[in-house]
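Peer 1: Before I ask anything, here is the structure I am working with.
Derivation of every value follows stated rules applied to the coordinates shown; laboratory data play no part. None of these values were measured; they are calculated from a predicted model. Every residue, glycine as well, gets a Cβ built from its backbone with ideal geometry; the counts of neighbours run over all protein chains shown.
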Amino acid sequence: MDRVPTSYRLLEQLVQGIEDGGLRFVDLSQPPRQNCHKNSIMVAIENDALVSQVGIQAINAAVPSWYFRSHSIEDKQEGTNLEVPPIWEAGISRHSKIFRAVSIRRLVGQVCVIDISKKATEDPDYLLTHKAVLAWEEQHGIIPSNSWVLLRSDWSRRSDTKTFLNIKSDGPHWPGFSKGCSQFLAQERNVIGVGVETADIDAGQAEKFDPPFWTRKIMHDHGKCSLFNLCNLDQLPPTGAILIPAPLYKPKSSLKQANAIALIPY
């Protein structure tokens, strides 16, 4: 009698679970927002055209090593986006030999959802701290290696662009990760990456941080990924879900529009 491979049986069980209603899918992909403001988020470099105009040496002299802003703001607000290493520095890959292309297998993982929605309502500039993550782990368990940490802020419920970007005289305001938290997740917990419901993986005021945009720098310097413009995180349990990001590839780009699906057991 032929032996059925274990992997095939696992797939059978998965399909059966979906048919029986024991498993359900939640779409975490946010649709594109209308009337996006091109200059709403402060940027130093908008696109590769600037590189060709003034030359790579001039860009390298003007832009710090942490900087990653090679895509227009419209691109970053047109639905859910996935960023993968390498970070582009003046159009040059920093990790091209390590990570030339991302595979779906590399992206699929368990999900840990940390709810900061109440704190974000009280303080739009709230930053998740290392201490807060440890407190979450006391209740839900240690964050597994090679998992996703998603920050639920309920920011995706802000249906219009004005309140979503929350721009004041000193720039945009929305929550994010503290420097210590970003380092802890990347180094101590070895996550696949982090995800947020806001318009960027870094907090709204991240341009003023030291270093600026520290979450992106820390995550990408450690080969981690990031998802932003997510939604429906309120439908996920703190643990137990599986995230399946499906990037829509763009040539020579580390920013990709993506569909993000979560598989949850009932």
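Peer 1: Report the charge-dipole magnitude of the stretch 195-249 in Debye, nearest 20, computed about the Cα centre from +1 at each Lys and Arg Cβ and -1 at each Asp and Glu Cβ.
Peer 2: Around 160 debye, computed over the stretch 195-249.
Peer 1: Rounded to the nearest 20 Debye, what is the dipole magnitude of the stretch 139-266 about its Cα centre when Lys and Arg each give +1 and Asp and Glu each give -1 at the C-beta?
Peer 2: The dipole magnitude comes to about 260 debye.
Peer 1: Which of the pairs Lys119/Lys208; Lys119/Lys162; Lys162/Lys224; Lys179/Lys224 have their Cα atoms more than 26 Å apart in this structure?
Peer 2: Checking Cα-Cα distances, Lys162/Lys224 exceed 26 Å.
Peer 1: Among Trp174, Leu127, Pro212, whose Cα sits farthest toward the positive end of the charge dipole of the stretch 109-234 (+1 at Cβ of Lys/Arg, -1 at Cβ of Asp/Glu, about the Cα centre)?
Peer 2: Working it through, the farthest residue towards the positive pole turns out to be Pro212.
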